[in-house]
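Visitor: This is the structure I want to talk about, given as structure tokens.
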Amino acid sequence: MIRAEVLVVGAGPAGIAAATAAAESGLQVIVLDDNPNAGGQIWRAATVDHNGDASSGDSARRKALDRLQRSGAQVLGGHCVFNADSSGTLQTLQETGSASVVTQFQFEHLILATGARERFLPFAGWTLPGVFGAGGLQALVRGGYNVTGKRVIVAGTGPLLLAVAAHLVEDGAIVPTVLEQASVAQLAPFTASLWAHPAKLMQGASFRRKLWKSSYRTGCWVVEAMAGSDGQSLASVRITDGSRTWTEPCDLLACGYHLVPNTEIAALLGCAFRGNFVQVDETQRTSLPNVFCAGEPCGIAGLEAALVQGEIAGLACAGLTKSSLQNKAAAENNFGAGLEVAFALRDELRSLPQPDTIVCRCEDVAFGSLSGCSSWTDAKLQTRCGMGPCQGRICGPAVEHLLGWRPVSVRQPLFPVPLGALCSPDEAIEINN
Ligand SMILES: Cc1cc2nc3c(=O)[nH]c(=O)nc-3n(C[C@H](O)[C@H](O)[C@H](O)COP(=O)(O)OP(=O)(O)OC[C@H]3O[C@@H](n4cnc5c(N)ncnc54)[C@H](O)[C@@H]3O)c2cc1C
């Protein structure tokens, strides 16, 4: 049993800011993350850059990590949280190669900073080799995957598309087009509101500069990914603007439909929700008095929101509040609300999957086999949809958009764990594989 005055789950920007603020306020802080290194999605450490050199990422990341280290907070990487209860305990699994180690933590305050993941929508051919999530391909490239000279179409929805496309171009890819499903009319109010966020406006302009050779087409989406003559890997995509359909050749497709929050731990603890997001007050406190939440689980609003919400939560654990931070958080939350409206999914995307299109990749469940089911639970029982290793993290949000079904409960273990992890929850145990 390891005890912490403040236990932070997630070492992305929100978790780093929360842990730093709490530790600098004199509290004993432990940060857990399932990745080996701190940084989360946006500050995911590049293991090699496009020249093949080791790189430690941008200066904001370095500054935040240096400050975290100086604060005295302890960061434990490789710890995947698979269980938690509101009495103040939480369990992690560490896979060490030869063994799986279960550790129990006890906390006075818990800060959930678990981020978000991409939303995927199934369409014909989306399981072909060469089709990636937009953020997924970016993560692979940061890990050393070479895209130099490859023709990559970036598609889906959300501001992440431009960030990913710019990054791919920097790494030598040819991005002929970025396809945004939202119409220009849907995007217009959001684009106009960016004048109130000059830093974001400049960031968007900088992406567009890097993408000067690429077209940015609104109101367009991919309806099919098609294999080449080998019948096995991607060679082209069929695109539509709703009235016209055409084909574009490509080596890779990077396709993601904005983000969905990682809220499973909050749901397991019984925190109240506001729609799909964890409900928090102005100090980032959830409906449970000793549990706080910061970053994407409270609303998809970007890096600045994650940082400011994290700082507020960390200070709140020490009983401190700063109204200037709360004002900044309110502005960032407004930006997040604007994103939700601007990048709302269009109805036509519901008719993308064919009856034989795989929806649940873990359990090989085709869209057609869901036709006789009435709910998420019914589909799980009848088809095993959502019952595989990802536990519905991929197909759940897709099915929610396609059929309007929502999962009814979240149960531990949140991730597949060895049986021994469930047998002895009250002490650290080692299980030899
Ligand atoms: C795939 C992807 C790529 C992105 N790329 C960009 C980009 O290029 N540019 C940009 O501006 N924004 C990007 N974003 C958005 C960006 O992540 C957010 O704007 C912001 O940085 C979120 O910070 P966060 O701390 O809330 O979450 P994150 O940075 O996602 O951090 C959450 C951390 O919690 C950990 N975690 C979650 N669940 C558990 C668990 N059960 N046990 C242990 N650890 C857990 C995760 O591993 C992760 O490290 C991306 C998002 C995604 C999903």
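The values are calculated or read from the model by the stated rules, or taken from the named source; none is laboratory data. The structure displayed is predicted, hence computed values, not measured ones. Reconstructed Cβ throughout: ideal geometry from the backbone, glycine too, with neighbour counts over all protein chains shown. Just the protein is used for accessible areas: all its heavy atoms, side chains included, with ligands, DNA and RNA removed. Shrake-Rupley method; radii C 1.70, N 1.55, O 1.52, S 1.80 Å.
Visitor: Filter the strands (runs of 3 or more DSSP E) completely within the range 111-185 down to those with at least 3 residues that are under 16 Å from ILE394 (Cα atoms). Talk me through it step by step, then tell me what you get.
Guide: Working: elements: 116-118, 152-157, 177-180.
Hits in the range 111-185: 116-118.
Visitor: Another question, then. If we keep just the residues of the range 284-302 that are open to solvent by 20 Å² or more (accessible area, probe 1.4 Å) and without any contact (Cβ under 8 Å) to a residue 60 or more places away in the chain, which is farthest from the ligand (Cβ to nearest atom)?
Guide: Residue satisfying both the conditions and the ranking: PRO289.
Visitor: What pairs come up if the first residue lies in the range 305-319 and is outside the structural domain of ALA14 (by TED's automatic domain parsing) and open to solvent by 10 Å² or more (accessible area, probe 1.4 Å), the second is modelled with pLDDT of 95 or more and of a type outside the set (Gly, Ala, Ser), and their beta carbons are under 6 Å apart, counting only those six or more places apart or on different chains?
Guide: none
Visitor: Turning to a different aspect of this structure: When you scan the range 209-221, do you find a residue that is charged (D, E, K, R), within 16 Å of the ligand (Cβ to nearest atom) and closer than 27 Å to ALA116 by Cα, even just one?
Guide: Yes, the range 209-221 contains at least one residue that is charged (D, E, K, R), within 16 Å of the ligand (Cβ to nearest atom) and closer than 27 Å to ALA116 by Cα.
Visitor: Give all pairs with beta carbons closer than 8 Å in which a residue from the range 26-42 that is under 15 Å from THR114 (Cα atoms) meets a residue that is open to solvent by less than 20 Å² (accessible area, probe 1.4 Å) and of a type in the set (Phe, Trp, Tyr); count only pairs at least 6 apart in sequence or on separate chains.
Guide: Pairs found: ILE30/PHE105; LEU32/PHE105.
Visitor: I've got another one for you. What single numbered condition from (1) over 23 Å from ASN262 (Cα atoms); (2) open to solvent by 30 Å² or more (accessible area, probe 1.4 Å); (3) within 15 Å of the ligand (Cβ to nearest atom); (4) at pLDDT below 90 fails to hold for ILE2?
Guide: So ILE2 meets the others, but not (4).
Visitor: Out of all the residues in the range 10-35, which are open to solvent by less than 10 Å² (accessible area, probe 1.4 Å) and assigned to a strand (DSSP E or B)?
Guide: Answer for the range 10-35, where residues must be open to solvent by less than 10 Å² (accessible area, probe 1.4 Å) and assigned to a strand (DSSP E or B): VAL29, ILE30, VAL31, LEU32.
Visitor: Might you check whether a residue that is in the same structural domain as LYS213 (by TED's automatic domain parsing), away from the ligand (no atom under 16 Å from the Cβ), surrounded by 19 or more Cβ atoms within 10 Å (Cβ to Cβ) and of a type outside the set (Ser, Thr, Tyr) occurs anywhere in the range 133-149?
Guide: We begin by selecting, within the range 133-149, every residue in the same structural domain as LYS213 (by TED's automatic domain parsing); these are 133-149.
Among the residues that remain, those that are also away from the ligand (no atom under 16 Å from the Cβ) are: 144, 146, 148-149.
Now drop any that are not surrounded by 19 or more Cβ atoms within 10 Å (Cβ to Cβ), which leaves none.
Checked against the condition, which is being in the same structural domain as LYS213 (by TED's automatic domain parsing), away from the ligand (no atom under 16 Å from the Cβ), surrounded by 19 or more Cβ atoms within 10 Å (Cβ to Cβ) and of a type outside the set (Ser, Thr, Tyr), the range 133-149 yields no hits at all.
Visitor: If a residue has to be open to solvent by 20 Å² or more (accessible area, probe 1.4 Å) and farther than 21 Å from PHE82 by Cα to count, how many in the range 257-282 make the cut?
Guide: Count: 8.
Visitor: Among (1) within 14 Å of the ligand (Cβ to nearest atom); (2) in contact with a helix residue (DSSP H, G or I) (Cβ under 8 Å, 6 or more places away or on another chain); (3) of a type in the set (A, V, I, L, M, F, W, C), which single condition is ALA196 missing?
Guide: Going through the list (1) within 14 Å of the ligand (Cβ to nearest atom); (2) in contact with a helix residue (DSSP H, G or I) (Cβ under 8 Å, 6 or more places away or on another chain); (3) of a type in the set (A, V, I, L, M, F, W, C), ALA196 breaks only (1).
Visitor: Collect the residues in the range 360-390 that are touching a residue at least 60 places away in the same chain (Cβ under 8 Å) and in contact with a Pro (Cβ under 8 Å, 6 or more places away or on another chain), keeping them in residue-number order.
Guide: Taking the range 360-390 first, the residues touching a residue at least 60 places away in the same chain (Cβ under 8 Å) are 361, 367.
Residue satisfying the conditions is PHE367 alone.
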